[in-house]
Each structure stands twice: as structure tokens, then as C-alpha cells.
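Undergrad: The structure under discussion is supplied below as C-alpha cells; questions concerning it will follow.
Every number here is computed from the coordinates shown, using simple stated rules; none is lab data. Everything numeric here is computed off the predicted structure, so don't read it as measured data. In this analysis, Cβ positions are derived from the backbone assuming ideal geometry, glycine residues included, and neighbour counts consider all displayed protein chains.
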Amino acid sequence: MISGFVFAKVYAGQRTAGRDFALRRFARLYPLHFVTLLIVALLQLAATALVGSNLIYQYNDPYHFALQLVFASNWGLESGFSFNGPIWSVSVEVLVYLLFWLVAEHLLKRGILGPLAMVAGAGVMLKTGLGEEQIWQCVQYFFIGAALYRIAGHHARPVRDLAIVVALAAAGAAAFVMLSADLRVSNLLVPVAIVLVGCAAIIDLHKAGAKARALAFIGDSTYGIYLWHVPLQVATLIVLHRLGIAAEARSSPLFFTAFLLVACTAGWLSFTFFEKPANRWVLRRAERRAQSEMNPAAPPVT
């Protein structure tokens, strides 16, 4: 949903070259994915040698490695979660990026009706059972985010209108809790996400948003936290096994808190010292190559 909000802000209403759009997504997402994939693969080899089995995810074979390499780990071609399993959400989202790019230029021309039509279409696909369920769910979240941006970025009174949407989502969630016998968390994800993203947009539009931007490093760190936590888990399990520490130790609140602190720190370090430099390097490299293709008489770029 956050991705849909941000993408609508950056790309909606304009024609973006497919090469430029794909390159920017690749530069942002792929370097860290590739590095963590290799690290997890090596750690699983070590785990098999030291512990006697894979840890956390079991489908760590060449076929699933190939799927991971091309972000296809959760397109319905897999036997189950593999290697750095959390990349499943990015694997699904890259397909939604393609769908968004196809409709971005005209998405907001009729207000929120465009995004909501995409949400409804995904709902129809969910009901028919065609394709992967998680892909159509991702489409729904993404374009709900785009609809929220349309309100935040184009309405005359965006704070009031976002507050109405947030209130309706909160009321819907509360009514569901009171009236439904099926109180699974998954049934409340959509309204809760609307409340959270809507409130964040309200804060951003308010003067308090300027102060909140001091916390932007948290958002910058999230992709790193997300992709580093499984390598950290596998490495920790191997170390605990080698040291002969009882399994109960990793169930303590203190251990869990320490792990969260390490994962969050790793995410910030990853963004600052790897993701951002790698992103810039890929974009500069692509720009230089494009310039060389436009001017073949120029000396080669080294």
C-alpha cells in the first residue's frame, strides 16, 4: 500500500519509458537481493554440513535458486519458500510494478475511480481463482495506496478527506471485530493498513510532518531489515549449534530484543553503505552506457 502511494506520486499521470522505470526498480531492489541470496545459499551449505539439514526454508536447490535470481520465487512456479524467503513479497510486487507502469499515465484521470477499478478487478480475479492469490491481493493493496495518494495529492481538502477515509476504515474494522465470528488477523489487514497509511499521509501534510522527516532513516532501513533478518537468523542458529547453547535460549525476550536491535542496525548500515551506493553505481553505469550508444565515436567508458 505504501508502494502504491509512492509510485502514484512519482509516476502517475505521466509517460515513463519502460527502460527507465525498470532500471530504477532494478537498481533499488536487485543488488541487496543478489547479495543476501548468495549469503543465504552459502549459509545453508554450512548448515547442511554442520547441522545436517537446511534451516528455516527447505527448498534450497538449483531450480529454486534460478527462480530467486530472476525474482520469480513466488509466481506459482515454486514448490515452497526457498533461500531468503521474505523476498516473496518483492517477487510478487515486481509483477504489480509492470501492471502499474502499463496504466500509470491514465490511472488518476478520473480521480480515485481508476485505482478503485484496479482494486475491483483484482477482487474479481481473486473470486474466480485465476492466478496466484497473493498477486491479486498485492494488486489490491498497491492500488488502494494509489487511491490514498490521489486524495492526499489532489483533493482541495486532503486532510479532511483522508480523515474521513481513516475513520470509515477504523469503523469497518471495529464493526467486523464486534460482529464477525471469524476474527483472523488476515481479515483486518486491509482496513488497518488504510488507517496506518492514511494517518501517515495526514501527518505528512500537517506541519508536524516536517519534524517527522527526521525519522526517515527508519523507512530507508526497512528493505535492509527485511532481507537481512533471515541470513542473520540462519547464521545465529549455526553459531548457537556450534557453541552448544540450548534451543531455549533463543526463545527468551532478551534474546529476541537483541536480535531485533541487530537486525535494525544491519538494515541501516545496509542502506547507508551498500544499497544507496549500489543504486547510484547501477544508475551511473547505465547512464554512461546510454551515452556511449548515442555517441559511438566516443572512447569506451572504463
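Undergrad: Under the rule that an exposed site lies in a DSSP loop and has at most 11 other Cβ atoms within 10 Å, name the longest stretch of the chain with no trypsin sites (Lys or Arg not before Pro) of that kind, not counting the sites themselves.
TA: That would be 208-302.
Undergrad: Among the helices of the chain (complete DSSP H runs), which have Cα atoms covering no less than 18 Å along the helix axis and a Kyte-Doolittle mean of at least -1.0?
TA: Result, helices passing both filters: 18-50, 88-103, 113-128, 133-154, 158-179, 189-205, 216-243, 253-270.
Undergrad: Which of the following values of volume of the Cα convex hull per residue in Å³ was calculated from the structure shown: [x] 127; [y] 223; [z] 197?
TA: [z]
Undergrad: For the chain, how many pairs of lysine residues have a Cα-Cα distance under 26 Å, where the two are 8 or more positions apart or belong to different chains?
TA: Going through the chain pair by pair, I get 5.
Undergrad: Still on this structure, please answer the following. Provide Cys138, Cys264 in ascending order of the number of other Cβ atoms located within 10 Å of each residue's Cβ, fewest first.
TA: Exposure proxy ranking, most exposed first: Cys264, Cys138.
Undergrad: Here's a follow-up. Please sort by residue number the GluC sites (Glu not before Pro) in the range 37-117 whose DSSP state is loop and whose Cβ has at most 14 other Cβ atoms within 10 Å.
TA: Loop-located and lightly packed - none at all.
Undergrad: I've got another one for you. With r defined as the distance between the Cβ atoms of Ala181 and Leu113 and R0 fixed at 35 Å, what FRET efficiency is calculated, to the nearest 0.05?
TA: The computed FRET efficiency comes out at 0.55.
Undergrad: Can you give the relative contact order of the range 171-302 as a percent, counting alpha carbon pairs under 8 Å and 6+ residues apart?
TA: 24
Undergrad: Normalised by the residues of the range 6-160, what does the relative contact order come to in percent, with Cα pairs under 8 Å and at least six apart?
TA: 27
Undergrad: Can you tell me the relative contact order of the chain? Whole percent, Cα pairs under 8 Å, sequence separation 6 or more.
TA: 24
Undergrad: Now a separate question. Can you compute the helix-only [θ] at 222 nm over the chain? Use -39500 (n - 2.57) per DSSP H run of at least 4 residues, normalise by all residues, nearest 500 deg cm²/dmol.
TA: That comes out to -24000 deg cm²/dmol.
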